1. Would you pull out the residues with amide H under 5 Å of A:A311's amide H, same chain only if 5 or more places away, H placed 1.01 Å from N?
2. Need the full-extension length gain, A:S52 to A:A266, defined as separation in residues times 0.36 nm minus the C-alpha distance. One decimal, nm.
3. Please give the length that would be gained between A:A468 and A:V39 if that part of the chain were fully extended, namely 0.36 nm times their separation in residues minus their C-alpha to C-alpha distance (nm, one decimal).
4. With a 1.4 Å probe and all protein chains kept in place, how much accessible area does B:H57 have, in Å² rounded to the nearest 10?
5. With contacts defined as alpha carbon pairs under 8 Å and 6 or more residues apart, what's the relative contact order of the stretch A:230-372 in percent?
6. Quick check on the stretch A:372-515: take the gyration tensor over C-alpha atoms, sort the square-rooted eigenvalues as a ≥ b ≥ c, and tell me if it's rounded (a/c under 1.5), prolate or oblate.
7. Once amide H atoms are placed 1.01 Å from N in the peptide plane, what residues at a sequence separation of 5 or more from A:T99, or on another chain, have their amide H within under 5 Å of its amide H?
8. How long are the semi-axes of the ellipsoid equivalent to the stretch A:330-394, from square roots of 5 times the Cα gyration tensor eigenvalues, in whole Å, largest first?
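The values are calculated or read from the model by the stated rules, or taken from the named source; none is laboratory data. As the structure is a prediction and not an experimental result, all values here were calculated from the model. FYI the Cβ positions are ideal-geometry reconstructions off the backbone, even for glycines, and counts take in every protein chain you see. Side chains included, ligands, DNA and RNA excluded: accessible areas come from the protein's heavy atoms. Shrake-Rupley method; radii C 1.70, N 1.55, O 1.52, S 1.80 Å.
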Amino acid sequence: MSDDSQLCLTDRKPWETRRVHLDGVRKQALETGRNRVVVTAAVFALAFAVVSTRLVGLTVMDQAGEPQVVRHSETRSWTAERADIRDRNGVVLATSLPTVSLYADPREVLDPISAAARLRTVLPDLDRQDVIAKLSGPGRFNWIRRNLTPTQQYDINRLGIPGLQFQHSDRRVYPHGRTAAHLLGLTDLDGLGIAGVEQAFDDHLRDRVKPLNLSIDIRLQAIVRQELMAAVDEFRAAGGAGLVLDVNTGETLAMVSLPDFDPNSADTLQGDVGFNRATKGVYEMGSTFKLFTAAMALDAGTVAIDGGYDASKPIRVARFTIHDSHPENRWLSVPEILIHSSNIGAAKMALDIGSETQRRYLGRFGMLNALPVELPEVGRPLVPAHWREINTMTISYGHGIAVSPLHLASAVGALVNGGIRYSPTILKHEAGNPMAGEQVISQATSRKMRGLMELVVQQGTGKNARVAGYRIGGKTGTAEQQVDGRYVRKKLISSFVGAFPMENPRYVVLAVVDEPHGIKRTFNYAGGGWVAAPAVGRIIERMAPLMGVAPTFIEERTKPKNTKPTRGTLLVALRAAIDDAREARGASR
Amino acid sequence: MIRQTTLLAVILAAALSVILFGVKYQVQDLEGELTSIERGILNEERAIHVLHAEWAHLNDPKRLRVLAERYLGLAPIAPIQLGRFDALPDRPAFDENQEGGPRAMSLAAAGGATPVVSHGSTR
């Protein structure tokens, strides 16, 4: 044994391992153990090799095979609680802004009285007793003040009063204030739409996927509001309505109702200011309806363009007398009936048309039903229950039937655009979408109507609507309103509906003034020609350059002389006007 | 021999651990950066939304009209200020021999100013 384990003390260096030689069973056991260790070590080495290869592969090489996961759930963009409402050009009309409101949890409040005192240093207009009650009272949630400014929020936070908490929410803001008040409507404190577009499209807005694009042009809206406001103020009227429609699509470019309110502060919503006179109010429109009477007569063929009726004597039917406001006391041709706004002529024209035909045409113009416009405040027309001869006659000059201003503007659009009636809409019409229109009068009739309307402005009661350089056509309306079943002389609805440019009409502009009073400048007259026509003229003058409508005449700088029209001159002028319209229509194709 | 292998293995293990944890912390840092950037984006989007409202308010036609009248002295365009190209007078025909050149011809056509005669540019 000692020979086997010879230790050569001088041959071995200190760091060298001692060699031990074993035999037999012990060597076998050691070998087995050694082999097991080697195998385990090999396995571990293999595992480390795999790990290190993977590590090198992941960190050093590009196409490591890591899945390219797009993390949708965390990279969504921020959206407000309610979608924006925009005008046709993308201008924001209504939006939700983040806001902070203050509430109290009375259980956490330590000393309500001192807390109230300190709180009132930041918000001095809080009622002392009220605040103390809210800070000490029962419950766990009492609103103290909603919609704080950021400064107020900072100061209240700095007070460090326990029990006061902020809640973040969104508040509906209308950057343009009163300008489109009735159209946009309001939301209540919980963010629910309660009027106007806010209510009609509540579901879409709460979806908040994309903003709502209206057909309104805020620039036109501002112009119409300003001019209508000027007319209402000058004539001390109770209110008014203004509309601008696109005749080729039925889009509403401006819708104004006065008096109005500021949707940003609910305090301004007092009395009947919330009433939308443009869509919900129904009125007997008066002489503007003579346009439809003439259109029906020409389209149905009951009278020719150079035909006419005897307007020399008033008509007596039962207890009523139909007479003219400014009687000419002679035979009047169809153009003259419109130029002089003769009730007698219109009534006789309607008698020739007949009740059934009149009712059918009015139905096609949309006058007999509420309009399918996308607003909750839509008025239902008042039509006679039994359509007798007397009704036919009064309806011919706009009495005995009550419609909203939107009805009137939309139907006049159908008169001038070639006879197609498009449903009025407040949503922007995307180019490329099909238009659903109904042919209500023939193209030839539409051409004649354009000529007639232009004559009214050139020579008739609509002279105050003239704008130098532009061809405008229209009709005035002056109607007495009823109180308790009787007509009151001084309670007028004065209106003017105009279309331009008459060689190829694009827009209808309507101004309605409710209860104007005559002033010295207008010789105490308050009819449509004095009150509404000038407003429409000013609106057209300002909107034409914006809408890219160039003046037709460059040389015309002065208003034409006021000549008294004779029959010959009139027909020549009318034929010339119709020829021009035909030419321009043909040239523009 | 075994000792060297052991040593090598230990060194490798240490190195791999360092690399592994280095990569892991790098990823954590990047993830943290990503979250804060995303939060920053949300804040910016909200700020942009508020600025849109501010822009709409500043572009209120009522406000712009008041400012235009007060500071710029501007008023709405009147039709008399608009013209069309086909309403312009025709350009006079170009004649090389005309004294003074084409400018003189235009002045003469416009009626009034007598052209200043220049004796050519090169002498």
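1. A:R330, A:W331, A:L332
2. On the way: separation 214, 0.36 × 214 = 77.04 nm, distance 7.01 nm.
Difference between extended and current length: 70.0 nm.
3. Numbers: separation 429, 0.36 × 429 = 154.44 nm, distance 10.60 nm.
Additional length available on full extension: 143.8 nm.
4. Probe radius 1.4 Å; accessible area of B:H57 about 90 Å².
5. 16
6. Values: a/c = 1.65, a/b = 1.23, b/c = 1.34.
Oblate is the answer for the stretch A:372-515, as a/c is 1.5 or above yet b/c matches or exceeds a/b.
7. It is A:S169, A:D170, A:R171, by chain and number.
8. Details: eigenvalues 151, 45, 19 Å².
Equivalent-ellipsoid dimensions as semi-axes: 27, 15, 10 Å.
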